[in-house]
1. Here are some conditions: (1) surrounded by fewer than 24 Cβ atoms within 10 Å (Cβ to Cβ); (2) away from the ligand (no atom under 16 Å from the Cβ); (3) in the same structural domain as residue 192 (by TED's automatic domain parsing); (4) touching a residue at least 60 places away in the same chain (Cβ under 8 Å). Residue 331 meets all but one. Which one does it not meet?
2. Kindly list the number of the only condition in (1) surrounded by 20 or more Cβ atoms within 10 Å (Cβ to Cβ); (2) part of a helix (DSSP H, G or I); (3) within 24 Å of the chain's Cα centre (by Cα) that fails for residue 416.
3. Let me confirm something: among 236, 247, 282, 230, which residue is away from the ligand (no atom under 16 Å from the Cβ) and surrounded by fewer than 16 Cβ atoms within 10 Å (Cβ to Cβ)?
4. Limited to the range 114-146, what total is found for residues that are without any contact (Cβ under 8 Å) to a residue 24 or more places away in the chain and either closer than 30 Å to residue 344 by Cα or within 16 Å of the ligand (Cβ to nearest atom) (or both)?
5. Within the range 464-491, how many residues turn out to be touching a strand residue (DSSP E or B) at 6+ places or on another chain (Cβ under 9 Å) and either at pLDDT below 95 or under 24 Å from residue 37 (Cα atoms) (or both)?
6. Within the bounds of the range 452-461, is there any residue that is surrounded by fewer than 18 Cβ atoms within 10 Å (Cβ to Cβ) and in a helix (DSSP H, G or I)?
7. Just checking, does the range 182-197 include any residue being at pLDDT 95 or above and over 20 Å from the mean Cα position of the chain (by Cα)?
Ligand SMILES: Cc1ncc(COP(=O)(O)O)c(C=O)c1O
């Protein structure tokens, strides 16, 4: 890539924050530790490729180490192919030649070489037949909208009504004026944070949690208050609500972001009692709950749970529920929603104008058809996913007997305890074997979860075997008895 194309840069303070707790115990081996941490950040995608890193002198000051230490660490990274420097112009992150699969332009691009096995995205292809049929209906509906200007901060009335009916059917009575349509679940998270959180505020998060929510909290200038989830419990035991209560008391977070339905990445499901307790906590403390229901429709072993807001707060602004069409339908629709008290919906719509003036009309019309008749689609998806989950669990048991995967009752992925803190190294090795994965630390703060790997069961059935063969080959290149980095304490 020509240098002129590179416009990403990271400041010394952000860089230091990303490094987290990188210093080795006892303070010896600083150079190797610094180089090792940067290498991991590049390998697991938290430090994007082609990012211009801070100057050595500036970084040394912020990290409170000698400039020689930083210079030596950068030299190590250059020799290993993780940094590219030009005299007088700075240094950029890169992967060593041969690390990236052919045609992989960016870890975020789905348009990768088809020979790559994508286990980094926990998402299914579109239900093609239903989507085509809904698209045809939506084109028919379009005429009624073409005479208007097409802007609507709240979303198309037909889709708001369809989403409200779906909530009502799931046990949470909802009217269309309690729903705001967004451009996906991620935009919904960002909009709520923009409206409710100010820089410097604290936001309670589960740990591990959905990486892009952590990014959104950081982008808002807020600080995360992580509350650990028990890694190997598929059920309500995963949440220690005493710990949640203590964190709310001690840190006074402005908001709690929680994924009680088939939590990403652990797959855990919070039971009705836990939901009631959460609502009680919100009422006692005045701290709103931002409940991410993105995976709620994907209960694989039973009916799932009714929404958190149904437990005593159906019309309260204290529970803000977000949802998405991405997992039950298709990520490419870019449709999500926010459901809360109607006045808060109007307030959120006013905030939206700063970044986005509404969603595309045609996609909303299309989604309205699909959401209005979701049952046949999700019934088929659940059956397909349950089979895929069981198949993946069985195959992992044979190929990786030392790994301990979660046994989720819903959602799209397994959270696997690798038995050693080698997740980032395995992900790097897997890339060299044409398998894309998200390493455990993507789901945590300060380098946590290096022992864990998220593996989705969303690959096409005939590609699972070949993907696992490659993963096994990669695993054999990772010597688990000599992990490159020490496990890092959870912040
Ligand atoms: C828990 C969770 N929230 C939000 C999102 C983002 O959804 P969308 O694709 O609708 O922006 C995802 C996507 O993976 C998710 O897993």
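1. Here residue 331 clears every test but (2).
2. (2)
3. Being away from the ligand (no atom under 16 Å from the Cβ) and surrounded by fewer than 16 Cβ atoms within 10 Å (Cβ to Cβ) holds for just one of 236, 247, 282, 230, which is 230.
4. Residues flagged as without any contact (Cβ under 8 Å) to a residue 24 or more places away in the chain and either closer than 30 Å to residue 344 by Cα or within 16 Å of the ligand (Cβ to nearest atom) (or both) within the range 114-146 amount to 2.
5. So the answer is 4.
6. Checked against the condition, which is being surrounded by fewer than 18 Cβ atoms within 10 Å (Cβ to Cβ) and in a helix (DSSP H, G or I), the range 452-461 yields at least one hit.
7. yes
Here's the yes/no breakdown for (1) touching a strand residue (DSSP E or B) at 6+ places or on another chain (Cβ under 7 Å); (2) touching a residue at least 24 places away in the same chain (Cβ under 8 Å):
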residue	(1), (2)
209	no, yes
213	yes, yes
217	yes, yes
224	yes, yes
236	no, yes
242	no, no
246	no, no
255	yes, yes
262	yes, yes
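The values are calculated or read from the model by the stated rules, or taken from the named source; none is laboratory data. The model shown is predicted, which means the values in this text are computed figures rather than measured ones. Here the Cβ is made from the backbone with ideal geometry for all residues, glycine too, and neighbour counts use every protein chain on show.
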